1. Can you find a residue in the stretch 97-106 that is surrounded by fewer than 21 Cβ atoms within 10 Å (Cβ to Cβ), more than 19 Å from residue 131 (Cβ to Cβ), in contact with a helix residue (DSSP H, G or I) (Cβ under 9 Å, 6 or more places away or on another chain) and at pLDDT 95 or above?
2. Checking residue 43 against (1) at pLDDT 90 or above; (2) within 18 Å of residue 133 (Cα to Cα); (3) touching a strand residue (DSSP E or B) at 6+ places or on another chain (Cβ under 6 Å), only one condition comes out false. Which one?
3. Which residue is modelled with the lowest pLDDT, if the candidates are limited to the stretch 110-141 and must be farther than 21 Å from residue 56 by Cα and surrounded by 10 or more Cβ atoms within 10 Å (Cβ to Cβ)?
4. Residues being surrounded by 15 or more Cβ atoms within 10 Å (Cβ to Cβ) and modelled with pLDDT of 95 or more: count how many of those fall in the stretch 81-91.
5. Sort out which residues of the stretch 49-85 are on the phi > 0 side of the Ramachandran plot and either part of a strand (DSSP E or B) or in contact with a strand residue (DSSP E or B) (Cβ under 6 Å, 6 or more places away or on another chain) (or both), and write them in order of number.
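The values are calculated or read from the model by the stated rules, or taken from the named source; none is laboratory data. Nothing here was measured: the structure is a model prediction, and the numbers come from that model. Cβ sites come from the backbone with ideal geometry, for glycine too, and all protein chains shown count toward neighbours.
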């Protein structure tokens, strides 16, 4: 018998339902207070990639925020980021400036990985995250 606290919940905000149906993955999975968010990329509502690192990073972080909100969390609950970059060295500064706008303090753990390709050839970054609901009050330092 599964308790309510450990029940597995798939999170798929309305605009992402077609992706769930077509590609068979959830935008996030929540078990108890922990949320694992699938990789978010810089595509708009029409599934068209934005142009450039900053524009893609903005859309990816907006997607991350939207999925977390649908799961009952916020960016303040993020404890870990993992980012995948086509041009890790050349675009890190631009990416980091966007990331810092979404995480101005109490930085989560972060791993950045250079890759040779992402799901679409125009994509240059993908962001996945782990969040723990209710941990936003944690101290930093």
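1. Yes; the residues of the stretch 97-106 include at least one that is surrounded by fewer than 21 Cβ atoms within 10 Å (Cβ to Cβ), more than 19 Å from residue 131 (Cβ to Cβ), in contact with a helix residue (DSSP H, G or I) (Cβ under 9 Å, 6 or more places away or on another chain) and at pLDDT 95 or above.
2. (2)
3. Checked the stretch 110-141; the qualifying residue modelled with the lowest pLDDT is 138.
4. Of the residues in the stretch 81-91, 6 are surrounded by 15 or more Cβ atoms within 10 Å (Cβ to Cβ) and modelled with pLDDT of 95 or more.
5. Correct list: empty.
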